[in-house]
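J.: Quick one: this structure, given as structure tokens, is what I'll be asking you about.
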């Protein structure tokens, strides 16, 4: 362990970042979140963006995960291929300077898929025993990941861009005026899940509007129904390898894991929900401990 | 036939309109297209938008089809339920004034689906014998329609918003930078079609980007591959009732019917392509002849 006095861990995504001061005893002493995601940082100015973090949390070494290691980030950290565990990932850190290491993402060349950021949460949950061997892990977000875990490592995974599809439909499509209100759990969401589990989502989208035009659905149900439809389709695809899975785990932000949990329950499985932030902190400590 | 001296036919959509002067002998004597779609006309000002048409094509009665009959149009013309033929549709014209009739759309209450505008093309092709009984008709566009024809009428149909999905991905998604160039036929399109015929499109979209990141696909192939993927998924869904169909017909703009024709051929059927404009003119004449 190179950093006995502690360090700063950052989960640095495309549009947001969350930074944590990890003290020498492993506890999180302070934290903040802001909208200084990778896309908001001018090219070549990651030094300035990093200085802001140290100004708030102290002058400590940095361990950075997420899109900060992409080709739009500070320095590109090449993907580690599956199967990838904490040793492979900690062994492939890329040092932006002597006091700042970047966690690489993981790729699955067989499935032509990539992740950046989710791997830290996964490794944390594997390390603390929340994800048993043979688990299928769902990590909802803009780009939902379905991850098969074997031998304590990320064995294979696939990405379904469900959150992004929902945002596209809500903000820019012919359905926009129907989707302005927030989506949430309930009967309309469950009805959407059932349709998404049974049918191809591409075939169902137009009916969101036409059912309202024909008085077969209520306008106010459209946001939750649509959310359920997309998540139902996502879960149908994601659960394909579920028969062989010992356990279904959902990891991420609680408001999202709750929606996915109810969709997976409708599909007939009993998932376990994990808080993504807690998993991130567990995972980033695992990586930090391996820095020599 | 109330209009022996001829009339003006307008295919008036959401973003464009196309107007034709139909002379007493049934021929199209003059025409124009512009971007004065329904959404560009201020509420309550359809009189002005109609006067522009007469200023260009002559002071004749008008027969208007498409979104001009929707709740965003001039006067709402309620949907005629399936099964709907030319008699049902001509019998449900709505008169905006004494010299302007609006063609109603068609709805399929069983499937909760609606169309406005495509019905005129369909009726024209049925009337001139291009669409035989028992045909399955594909009408690609922003919102592709798959229509089953029986007894000379529109029996049932479904809408798949493939064109809109492609536009959303191209203009607003994480794939935008990959999709800026035009899509077209060829090997990349065909590869996309095969993937769309075999897999759920929702499951495949993210791989468009990740395959390029992992050097498994060429960046310049992304637009045509994506177009093929979405059209392949559309064709997989649309051809579900194809086993019982005597013939597969594709009707619409030639650059789109060509793409759908090659996708349907990859799916193992031999489609017939029809020019949508010619079908529209045949259909609108059929309706006009029934005006007493």
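The values are calculated or read from the model by the stated rules, or taken from the named source; none is laboratory data. Treat the numbers as computed from the prediction; the structure is a model and nothing was measured. Note: ideal-geometry Cβ built from the backbone for every residue, glycine included; neighbour counts use all protein chains shown.
J.: Would you say residue A:227 is surrounded by 18 or more Cβ atoms within 10 Å (Cβ to Cβ), modelled with pLDDT of 95 or more and at the interface with chain B (Cβ under 9 Å from one of its Cβ atoms)?
T.: Spelling it out, it is not the case that residue A:227 is surrounded by 18 or more Cβ atoms within 10 Å (Cβ to Cβ), modelled with pLDDT of 95 or more and at the interface with chain B (Cβ under 9 Å from one of its Cβ atoms).
J.: Quick check, is residue B:184 buried (at least 17 other Cβ atoms within 10 Å of the Cβ) and either touching a residue at least 12 places away in the same chain (Cβ under 8 Å) or not in a helix (DSSP H, G or I) (or both)? Spell out how you get there, then give the answer.
T.: On the way: buried (at least 17 other Cβ atoms within 10 Å of the Cβ): no; either touching a residue at least 12 places away in the same chain (Cβ under 8 Å) or not in a helix (DSSP H, G or I) (or both): yes.
For residue B:184, the condition - buried (at least 17 other Cβ atoms within 10 Å of the Cβ) and either touching a residue at least 12 places away in the same chain (Cβ under 8 Å) or not in a helix (DSSP H, G or I) (or both) - is not met.
J.: Residue A:249 - would you say it is more than 30 Å from residue A:100 (Cα to Cα) and in a helix (DSSP H, G or I)?
T.: Working: more than 30 Å from residue A:100 (Cα to Cα): yes; in a helix (DSSP H, G or I): no.
Taking the combined requirement at face value, the residue does not satisfy it.
J.: Let me ask something additional. Restricting to strands (runs of 3 or more DSSP E) lying wholly in the range A:101-167: which have 2 or more residues that are free of Cβ contacts under 8 Å to residues at least 60 places away in the same chain? Full working, then the answer.
T.: On the way: elements: A:106-108, A:113-115, A:135-139, A:144-150, A:153-160.
Of the strands (runs of 3 or more DSSP E) lying wholly inside the range A:101-167, those with at least 2 residues that are free of Cβ contacts under 8 Å to residues at least 60 places away in the same chain span A:106-108, A:113-115, A:144-150.
J.: Could you count how many residues in the range A:230-242 are surrounded by 24 or more Cβ atoms within 10 Å (Cβ to Cβ) and more than 10 Å from chain B (Cβ to nearest Cβ)?
T.: So the first thing to find is which residues in the range A:230-242 are surrounded by 24 or more Cβ atoms within 10 Å (Cβ to Cβ), and the list is A:230-235, A:238.
In the following step, the residues that additionally are more than 10 Å from chain B (Cβ to nearest Cβ) were identified as A:231-232, A:235.
Residues that pass the stated criteria total 3.
J.: Do you know which of the residues in the range B:243-253 that are over 15 Å from residue B:139 (Cβ atoms) and in contact (Cβ under 8 Å) with a residue 40 or more places away in the chain is farthest from the other protein chains (Cβ to nearest Cβ)? Don't jump to the end; show me each part of the working.
T.: First, pick out the residues of the range B:243-253 that are over 15 Å from residue B:139 (Cβ atoms): B:243-244, B:246.
Now restrict to residues that are in contact (Cβ under 8 Å) with a residue 40 or more places away in the chain: B:244, B:246.
On the way: B:244: 18, B:246: 23 Å.
The selected residue is B:246.
J.: Could you check how many residues of the range A:1-46 are assigned to a loop (DSSP other than H, G, I, E, B), farther than 25 Å from residue A:87 by Cβ and out of contact with any helix residue (DSSP H, G or I) (no Cβ under 7 Å at 6 or more places or on another chain)?
T.: Summing the residues that are assigned to a loop (DSSP other than H, G, I, E, B), farther than 25 Å from residue A:87 by Cβ and out of contact with any helix residue (DSSP H, G or I) (no Cβ under 7 Å at 6 or more places or on another chain) in the range A:1-46 gives 7.
J.: If we scan the range B:104-114, do we find a residue that is away from every other protein chain (no Cβ under 14 Å) and either buried (at least 18 other Cβ atoms within 10 Å of the Cβ) or modelled with pLDDT of 95 or more (or both)?
T.: Applying the first criterion (away from every other protein chain (no Cβ under 14 Å)) to the range B:104-114 yields none.
Among the residues of the range B:104-114, not one is away from every other protein chain (no Cβ under 14 Å) and either buried (at least 18 other Cβ atoms within 10 Å of the Cβ) or modelled with pLDDT of 95 or more (or both), which makes the answer no.
J.: Kindly check whether there is at least one residue in the range B:39-50 that is closer than 25 Å to residue A:211 by Cα and buried (at least 16 other Cβ atoms within 10 Å of the Cβ).
T.: No, the conditions are met nowhere in the range B:39-50.
J.: Now, a different point. What are the residues in the range B:195-211 that are more than 9 Å from chain A (Cβ to nearest Cβ) and closer than 17 Å to residue B:180 by Cβ, if any?
T.: Passing the criteria: only B:208.
J.: Can you name the residue in the range A:144-167 that is surrounded by fewer than 24 Cβ atoms within 10 Å (Cβ to Cβ) and facing chain B (nearest Cβ under 9 Å) and, of all such residues, is farthest from residue A:226 (Cα to Cα)? I'd like the intermediate steps shown before the answer.
T.: Initial filter on the range A:144-167 (surrounded by fewer than 24 Cβ atoms within 10 Å (Cβ to Cβ)): A:148, A:150-153, A:155-156, A:158, A:163-164, A:166-167.
With facing chain B (nearest Cβ under 9 Å) added as a condition, the list becomes A:158, A:164, A:167.
Numbers: A:158: 22, A:164: 13, A:167: 11 Å.
My answer is A:158.
J.: Taking the range A:71-92, which residues are surrounded by fewer than 21 Cβ atoms within 10 Å (Cβ to Cβ), modelled with pLDDT of 95 or more and within 12 Å of chain B (Cβ to nearest Cβ)?
T.: A:76, A:78, A:81
J.: Next question. State all residues of the range A:50-66 that are in a helix (DSSP H, G or I) and farther than 22 Å from residue A:78 by Cβ; if no residue qualifies, say none. Full working, then the answer.
T.: Here is the first cut: in the range A:50-66, the residues in a helix (DSSP H, G or I) are A:50-57.
The answer is A:51, A:52, A:53, A:54, A:55, A:56, A:57.
J.: Here is a check on your reading of the model: is residue A:269 surrounded by fewer than 24 Cβ atoms within 10 Å (Cβ to Cβ) and under 19 Å from the mean Cα position of the chain (by Cα)?
T.: Working: surrounded by fewer than 24 Cβ atoms within 10 Å (Cβ to Cβ): yes; under 19 Å from the mean Cα position of the chain (by Cα): no.
No, not satisfied.
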